[in-house]
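Taking it in order: structure first as structure tokens, then the write-up.
The values are calculated or read from the model by the stated rules, or taken from the named source; none is laboratory data. No experiment lies behind these values; they were computed from the predicted model shown. Quick reminder, even Gly has a Cβ in these numbers, built from the backbone with ideal geometry, and neighbours come from all protein chains shown. Only protein heavy atoms, including side chains, enter the accessible area calculation; ligands, DNA and RNA are left aside. Shrake-Rupley method; radii C 1.70, N 1.55, O 1.52, S 1.80 Å.
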Amino acid sequence: MGILWGMLSAIGFALFQVVNRRAGLGIDVLRATFLLILVSALILTGLALTMEGLVPLRNLSGQALLSFSLAGFFHYVLGWTLLGLSQREVGAARAGALVGISPLFAVVIAWVLVGERLPLPALLGVLAVVAGVYLISRD
């Protein structure tokens, strides 16, 4: 079932790439990112409150809240803004392919910051993905 969810996620992300590229042509990238974050926050907050209520929020530590906030900042504010700029410059297909190298950055950052290491087969898989992105992205 996990593979199915992953495939559906990839299809959703691909559709987002194309729609966001088209929408981004008529609006400033920062404004588009703000609207994307606003709509996402409203939908996710509504779903979270409906499904879980406020009780889980009371149990969050300050460290967890800070970490979650920083992750949101890096992912949404920086990541989506830069993705929008990339889509505008090189198109949805190339920008989407370049996002495929994010596992490489995740491996390096996780190793440097928290000492997390991947087993060799998983590391080889990441390198295969990066090689594929390189081949797709070449002119």
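Label sites at L78 and I3, each approximated as a point 7 angstrom past Cα along Cα to Cβ, lie 3.5 nm apart.
Share of carbon and sulfur in the accessible area of the chain stands at 75%, probe radius 1.4 Å. Each peptide in 88-98, 55-65, 10-20 was scored by the mean count of other Cβ atoms within 10 Å over its residues; highest first, the order is 88-98, 10-20, 55-65. Oblate is the label for the chain, because a/c, from the alpha-carbon gyration tensor with a ≥ b ≥ c as root eigenvalues, is 1.5 or above and a/b does not exceed b/c. In terms of its C-alpha gyration tensor, the range 24-74 comes out oblate, because a/c is 1.5 or above while a/b does not outweigh b/c.
Dipole check for the chain: with +1 at the C-beta of Lys and Arg, -1 at the C-beta of Asp and Glu, and the Cα centre as origin, the magnitude is about 160 Debye. Per residue of the chain, the DSSP helices (runs of n ≥ 4 H) give a summed -39500 (n - 2.57) that works out to -25500 deg cm²/dmol at 222 nm.
For V90 and L120, what is the calculated FRET efficiency with R₀ set at 35 Å and r taken between the beta-carbons, to the nearest 0.05? For R0 = 35 Å, the calculated efficiency reads 0.60.
Considering only H75, T45, Q17, and ranking their Cα positions along the charge dipole of the chain that arises from unit charges at the beta-carbon of Lys, Arg, Asp and Glu, the one farthest toward the positive end is Q17. At a probe radius of 1.4 angstrom, the accessible area of the range 50-136 per residue rounds to 73 square angstrom.
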